[in-house]
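A.B. asks: Okay, here's the structure, questions in a sec.
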Amino acid sequence: MNLETMWRRKYKYFVCALMLLCVYNFFGVGDYMYARSFQDFAYPLNIDLKPIIDEVLQGKKPSVQPINYYPYKFLTNSGKCNTLEKLDLFIVVKSAMNHFGHRQAIRKTYGQEDLIPGRIVKTLFFLGVDNPPKSKLQKMIDKEIEQYKDIVQINFHDNYYNNTIKTMMSFRWVFQHCSTADFYLFTDDDMYISVNNLLDYVHERNEIDGNEIPVDNDVEKRDRHMFAGYVFESSPQRFKTSKWRVSLDEYPWDRWPAYVTAGAYIVSNLSMKTMYIGSYFVKHFRFDDIYLGIVAKKVGIDPTHCPGMYFYKKKYSKEGYRKVIASHGYSDHEELIRVWTEQNIQPD
């Protein structure tokens, strides 16, 4: 073998090794290999949270120091719940600042508050802020707030990776200002929602979970756990270029707890309070649906898969949507209004 042939072979080996290293790094192979088994799940705080939650619910000071508090303020407020002793459903809409059309379409559809006789339903939109604080966009939102009085704005920077902040601040608002609802729907602003189907579902679940208890017993309804939506059981993405990449330092286990996709989910009164209080003792995580799944596991709430809720856009047909509670992908405002009207408004 001459010297030139030997160097060519070494060069090929070097290139192959370099390519393998790039593939290894790009796909996060090492992270997958060295991830810890979920059987060893011990997300901080690694303690039993149930006694602490009971202390807070009883009005006592918690015996353990909280580790997670979001230091943000509500820049606007709403008096929607001030005079209500009973509320069937409170709808929390997580909305982007510039989604004026989304919010207007919701006000014309499932956000209407007087559609269902005998049911009290309220809706609020939750937004962050941008930079600078007195931008043209903010001035437009100020006018919207003044006109509709249905927006709660919070002083954190509104972007995708701050969705957990938006979610937990909305939990804080309902905990502090509207803790009387039987159920809470948390939804993104690009979802189709049927409030009728949702209320049918939660009352059916009450009959299934405790058929010895009358469905109209409000105290009992509020005292049972429900955290329902489209449930996933999956593993973290370790790809270096993925929008959803999670390093081993951030989360060292090989799969997530069962979680409900963040597009739309339902919680009962007790679950809202339990998860909100529990979040003070659970380390922050930047993906809101994963974080709520972690909190739910830590506080002992099992997510329930709801077959009427879709994290993707379910293809529309008049009959196919009869039992649909939620479907993603309705950024076209006219489409949302048309589909919702056909499904929810009876012709004269």
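A.B. asks: Taking the range 263-276 as the search range and keeping residues that are touching a Phe, Trp or Tyr at 6+ places or on another chain (Cβ under 8 Å) and among the hydrophobic types (A, V, I, L, M, F, W, C), which one is nearest to F38 (Cα to Cα)?
C.D. replies: Here is the first cut: in the range 263-276, the residues touching a Phe, Trp or Tyr at 6+ places or on another chain (Cβ under 8 Å) are 263-269, 271-273, 275-276.
Filter again for among the hydrophobic types (A, V, I, L, M, F, W, C), leaving 264, 266-267, 272, 275.
Details: A264: 26, I266: 26, V267: 25, M272: 26, M275: 21 Å.
Only one residue fits best here, namely M275.
A.B. asks: Going residue by residue through the range 208-220, is there one that turns out to be farther than 25 Å from P44 by Cα and modelled with pLDDT of 80 or more?
C.D. replies: No.
A.B. asks: Could you please let me know if S317 is surrounded by fewer than 23 Cβ atoms within 10 Å (Cβ to Cβ), at pLDDT below 95 and assigned by TED's automatic domain parsing to the domain that holds Y69? Explain how you work it out, then say what you get.
C.D. replies: Working: surrounded by fewer than 23 Cβ atoms within 10 Å (Cβ to Cβ): yes; at pLDDT below 95: no; assigned by TED's automatic domain parsing to the domain that holds Y69: yes.
No: the conditions fail for S317.
A.B. asks: Another question about this same structure. Within the bounds of the range 157-168, is there any residue that is hydrophobic (A, V, I, L, M, F, W, C) and touching a Leu at 6+ places or on another chain (Cβ under 8 Å)?
C.D. replies: No, every residue in the range 157-168 fails to be hydrophobic (A, V, I, L, M, F, W, C) and touching a Leu at 6+ places or on another chain (Cβ under 8 Å).
Per-residue answers, yes or no, for (1) among the polar types (S, T, N, Q); (2) in contact (Cβ under 8 Å) with a residue 40 or more places away in the chain; (3) under 19 Å from V267 (Cβ atoms):
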position: P51; (1), (2), (3): no, no, no
position: D54; (1), (2), (3): no, no, yes
position: K61; (1), (2), (3): no, no, no
position: Y70; (1), (2), (3): no, yes, yes
position: H99; (1), (2), (3): no, yes, no
position: R107; (1), (2), (3): no, yes, no
position: Y110; (1), (2), (3): no, yes, yes
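A.B. asks: Pick from the range 174-201 the residues that are of a type in the set (V, I, T) and modelled with pLDDT of 95 or more: which of them is farthest from the chain's Cα centre (by Cα)?
C.D. replies: V195
A.B. asks: Testing F126 on (1) assigned to a strand (DSSP E or B); (2) outside the structural domain of Y330 (by TED's automatic domain parsing); (3) among the aromatic types (F, W, Y), one condition comes back false. Which one is that?
C.D. replies: Just one mismatch for F126, condition (2).
A.B. asks: List the helices (runs of 4 or more DSSP H) that sit entirely inside the range 251-348 and contain at least 1 residues that are without any contact (Cβ under 8 Å) to a residue 12 or more places away in the chain. Outline the logic, then answer.
C.D. replies: Working: elements: 269-279, 288-299, 333-344.
Helices (runs of 4 or more DSSP H) meeting the threshold: 333-344.
A.B. asks: Give Y161, Y148, Y192 a once-over and let me know the one that is surrounded by 19 or more Cβ atoms within 10 Å (Cβ to Cβ), assigned by TED's automatic domain parsing to the domain that holds D289 and aromatic (F, W, Y).
C.D. replies: Numbers: Y161 fails: surrounded by 19 or more Cβ atoms within 10 Å (Cβ to Cβ); Y148 fails: surrounded by 19 or more Cβ atoms within 10 Å (Cβ to Cβ).
Exactly one residue qualifies, and that residue is Y192.
The values are calculated or read from the model by the stated rules, or taken from the named source; none is laboratory data. Just so we're clear, the structure is a prediction, and the values are computed from it rather than from any experiment. Using ideal geometry, Cβ is built from the backbone for each residue, glycine included, and neighbour counts are taken over all protein chains shown.
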